[in-house]
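The block underneath contains the structure these notes are about, expressed in structure tokens.
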Amino acid sequence: MIEIKNLNFGYYNKAILKNVSLSIENKEFIGIIGPNGSGKSTLLKNLSKILSPESGLIYLNKRLLNDYSVKELSRILSVVPQDTSIQFNFTVYDLILMGRNPYMDNWGRVTREDKVIVEEVMELTDTSKLRDKKVRELSGGERQRVIIARALAQQPEILLLDEPTASLDINYQQEIFELLSHLNKTMNLTILLVSHDLNLTGQYCKRLILLKDGKIFAAGSPEEVLTPANIKKVYNTEVKVLNNPISNKPYVVLIPGKEKKRQRIKPTQKPRVHLICGGGSGKELMNTLHQQGYRVSTGVLNQGDSDWEKAMELGIPVVEIPPFAPICEKSLKDNVALIRESDVIVVADTPFGYGNIDNLKAISGIKDKPIIIVNSHNIKEKDYTDGLANKYWSEMEKRANCYSVKNEDEVLSYLNKL
């Protein structure tokens, strides 16, 4: 559909786009990402003929972009600009109707077909209820949906968007991306958008183009592009890339400055600690142990659990299972293997139900490891297994190498004695 060959563009003798080549197929949903000044918006403006390349060629449907008249191009390609401010206080209906300009005669007469299409795009974008409102009365999210509706009124094959969620609250950001995803799937619309948000583009776009210094640094699926190595080289920052357990897509987590420094320090040979936790009961302790140089592992944890997220963030070994799933035989064996590799077991102050009781069962079969149990609440208050957790707990407490503590500080105190 769009073919870009060796595109070069610059301002005042400063190169902005450098030898960019790219193919965009019909029905694709592509996100263009990269740091400020990498050429994202400039690339979009060259594709919409707002700017003309210094050299290189752009083909649209196998025809040179420069050969299209403005009216012809407007029937194939529509643009949602970064600046959506409107000079005059039109009603929503009138503003969306302006999207029909490429189809109107020289007198600007509105046909029945124009009116039908405006009604259709208002329905698609959920803006029908706003039809009589003035543009300046709209919220940021409402305004953006109206601007997208105006672009859709052109009946384009391709939709270009420049930072469509900039300055919007998180609920409106998701709303806009959900709308674009719906349009891509139901209208077979080819969508190319510029965004600074790595996580939103990673969740919704089918392909990402990562720019650096006016060149394509990486291109491919979100999983291929959003890697710690790529982000480090392009953005000069260290991140963890985790898997969203709900969408099964990558999402990027920044590593705090102090954590970066800690990662550059060679780990000390402190004991290996296996942490039994869940439901957020272990994340603070996990973080503290990791900071102090203990070699930590954990499991079994459900994906999406806050303790699991902390383990992913810190990059420590974890036995994981799908969200809400009970512990299976394989994960139990994997957990036992990690426990056997550890020097000491720490059991966080976590409740036990039938979904995680096998974590206690795994410990019961290993009697040669010291155990530190955090017991700020009576086990009977945390037992949701009709007494089974209490049974395992009581057996642990009878061991000579089991130490019961009240809080995190006492855990560290006992670890220092071992």
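The values are calculated or read from the model by the stated rules, or taken from the named source; none is laboratory data. Just so you know, these numbers come straight off a predicted model, no measurement behind them. Positions of Cβ are generated from backbone atoms using ideal geometry, with glycine treated the same way; all protein chains shown enter the neighbour counts.
Annotations for the structure displayed:
- Among the candidates Val336, Val318, residue that is free of Cβ contacts under 8 Å to residues at least 24 places away in the same chain and surrounded by 15 or more Cβ atoms within 10 Å (Cβ to Cβ): Val318
- Qualifying residue in the range 21-28 (condition: surrounded by fewer than 20 Cβ atoms within 10 Å (Cβ to Cβ) and of a type in the set (Ser, Thr, Tyr)): yes
- Filter pass, Asn375 being closer than 19 Å to Gly278 by Cβ and surrounded by 15 or more Cβ atoms within 10 Å (Cβ to Cβ): yes
- Filtered residues of the range 294-328 (kept if of a type in the set (S, T, N, Q) and closer than 17 Å to Val347 by Cα): Ser297, Thr298, Asn302, Ser306
- Residue within the range 165-172 that is under 14 Å from Val80 (Cα atoms) and out of contact with any helix residue (DSSP H, G or I) (no Cβ under 7 Å at 6 or more places or on another chain) present: yes
- Top-ranked residue of the range 267-287 - restricted to ones that are at pLDDT 90 or above and over 25 Å from the mean Cα position of the chain (by Cα), ranked as farthest from Gly353 (Cα to Cα): Arg272
- Only one entry in Leu193, Leu161 is touching a residue at least 12 places away in the same chain (Cβ under 8 Å), crowded, with 21+ Cβ neighbours inside 10 Å and touching a Ser or Thr at 6+ places or on another chain (Cβ under 8 Å), namely Leu193.
- Any hit, the range 348-355, residues being more than 16 Å from Asn407 (Cβ to Cβ), of a type outside the set (D, E, K, R) and more than 34 Å from the chain's Cα centre (by Cα): no
- Some residue of the range 111-125 being assigned to a loop (DSSP other than H, G, I, E, B), assigned by the TED database to the domain that holds Gln82 and of a type outside the set (S, T, N, Q): no
- Hey, Asp67 free of Cβ contacts under 8 Å to residues at least 12 places away in the same chain, closer than 22 Å to Ile2 by Cα and assigned by the TED database to the domain that holds Asn19 or not: yes
- In the range 321-333, residue surrounded by the most Cβ atoms within 10 Å (Cβ to Cβ) [restricted to those that are closer than 26 Å to Ile379 by Cβ and of a type in the set (D, E, K, R)]: Lys333
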